[in-house]
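Each remark here refers to the structure printed beneath this line.
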């Protein structure tokens, strides 16, 4: 007997056998039970989520010999013929191969005639967005006023290409991508019925690779059974999907964060030895960064399906939120550039080197690859380091080690009034910079610095932003500095001073414009009006 693939052998034949799409099943079932049937339905969604399957079940429900029902018997001649694809009153059309207006007119010629065997004549048009404009026009009139014995079931993966005049005449259902858990559960059900042994970890990998499509997932499952010699083995599935390479991504990302260029390049070479699809690997890197960002935003976002929790938490702690966002953006833009690279590996390497080259302030500097002999040492200097050294020489920190009194952990020369001068020198970015600029110093005794945070930044206390601020202050004032927070008024924060200074500059700029002779001449001679909201000072 000819082998039938799993996707066809296990295609659902009733609404109860469908996996997911509960919102569509509920609506159609209620319509069938209450005899509130529309004349045209449009099913949209990505490939393999059940559009044509639902349409065929609906056609069976409309024509079952037991009557219109949400639960067709599956045993009468009509139900069997629909399942076997030979029911005469179910006319299935592939719009991709019938795009011409003549094809559409020929299709619609038989619409006025009564069904041959069934209760309704059902037109199932798949990938309807492939119709030409003339074909849609030919279909439009029939859709608007169809005979009572005709139902139109349209399916498409691209509803944006369907004219709004057609959309407005259909009852539209949007089918969702299936979650990994539902796909894996269906795999387990099918394999149990087929008597095939499977490792749950392998099924999870296959369900994740299905990308929300049950049909794609079953095709991968068929492939995995053949690859594993009649069973679904974890190691075999990993080799088949190339998952071995993606497991090295967390370590590679840590090397990027450490700024270790030689280690990054050697890591890419280790990936290349596994012959991966670098485009798929880049997608996995984006997914990894996305999950790290979610954990940084809220640890409760972690899901068991992601894998080992400790690995993600370690990355979330090692990377700052700014680094995570920057790396994600670089990788996202790299997807566009990767096909243009000389080869996929060099393109992937350049994306990672770009992450090393463009780093948030305060991130570790990248180590350069060893230079050739006889190369001048000056060529290996990092410009950013020279710039910081020059800045430090020109603008010494509020406290230098040699200024400290003997035996004291920190200098008492720094006072609360020096806070505004200190904040810009801390080199902070992101939320840590916001917390510092929206706080004021209350007291400093050489060991404990007492700060008051603005109410808008109170939620940052106890977060990574506070840890980064404390570390920067310990580097500037004292390695043993303790940070203490109090509640109170914060009218004179660095941020509010900057806001007041900017307002003063804006007011002065507007006054200068008002008194400018040329502006006054334009106002007097031509009745011109000054739009003061558009006046912006030249920032220093």
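Filtered by the rule that a residue be surrounded by 19 or more Cβ atoms within 10 Å (Cβ to Cβ) and at pLDDT 90 or above, segment 131-156 gives 150, 151, 152, 153, 154, 155, 156. The listed residues are 228, 212, 118, and the only one of them that is within 19 Å of residue 24 (Cα to Cα), surrounded by 15 or more Cβ atoms within 10 Å (Cβ to Cβ) and modelled with pLDDT under 90 turns out to be 212. Of all the residues that make up segment 20-46, how many are farther than 16 Å from residue 59 by Cα and surrounded by 19 or more Cβ atoms within 10 Å (Cβ to Cβ)? Residues flagged as farther than 16 Å from residue 59 by Cα and surrounded by 19 or more Cβ atoms within 10 Å (Cβ to Cβ) within segment 20-46 amount to 4.
Return the total of residues in segment 127-136 being assigned to a helix (DSSP H, G or I) and in contact with a helix residue (DSSP H, G or I) (Cβ under 7 Å, 6 or more places away or on another chain). Spell out the reasoning first.
Taking segment 127-136 as the starting set, the residues that turn out to be assigned to a helix (DSSP H, G or I) are 128-130, 133-136.
Narrowing further to those that are in contact with a helix residue (DSSP H, G or I) (Cβ under 7 Å, 6 or more places away or on another chain): 129, 134-136.
Looking only at that region, the number is 4.
Here residue 215 clears all of (1) assigned to a helix (DSSP H, G or I); (2) within 27 Å of residue 3 (Cβ to Cβ); (3) without any contact (Cβ under 8 Å) to a residue 60 or more places away in the chain except the condition numbered (3).
Each row is one residue, and each column tells you yes or no for (1) surrounded by 16 or more Cβ atoms within 10 Å (Cβ to Cβ); (2) within 19 Å of residue 251 (Cα to Cα).
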residue	(1), (2)
281	yes, yes
291	yes, yes
297	no, no
310	no, yes
319	yes, yes
323	yes, yes
334	yes, no
343	no, no
349	yes, yes
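Among the residues of segment 228-256, how many are assigned to a helix (DSSP H, G or I) and within 29 Å of residue 184 (Cβ to Cβ)? Spell out how you get there, then give the answer.
Initially, segment 228-256 is screened for residues assigned to a helix (DSSP H, G or I), giving 234-241, 243-246, 249-256.
Now narrow it down to the ones that are within 29 Å of residue 184 (Cβ to Cβ): 234-241, 243-246, 249-253.
Residues flagged as assigned to a helix (DSSP H, G or I) and within 29 Å of residue 184 (Cβ to Cβ) within segment 228-256 amount to 17.
Residues to consider are 154, 124, 139; find the one that is assigned to a helix (DSSP H, G or I) and closer than 18 Å to residue 41 by Cβ. Spell out the reasoning first.
Values: 154 fails: assigned to a helix (DSSP H, G or I); 124 fails: assigned to a helix (DSSP H, G or I).
Going through 154, 124, 139 in turn, the sole match is 139.
Looking only at residues of segment 299-308 that are within 24 Å of residue 203 (Cβ to Cβ) and touching a residue at least 12 places away in the same chain (Cβ under 8 Å), we find that the one that is surrounded by the fewest Cβ atoms within 10 Å (Cβ to Cβ) is 305.
Do you know which residues across segment 182-210 are part of a helix (DSSP H, G or I) and within 13 Å of residue 235 (Cα to Cα)? Break it down stepwise before answering.
The initial filter retains those residues of segment 182-210 that are part of a helix (DSSP H, G or I), namely 182-194, 200-209.
The answer is 200, 201, 202, 203, 204, 205, 206.
The values are calculated or read from the model by the stated rules, or taken from the named source; none is laboratory data. All values reported here derive from a predicted model rather than from experimental measurement. Positions of Cβ are generated from backbone atoms using ideal geometry, with glycine treated the same way; all protein chains shown enter the neighbour counts.
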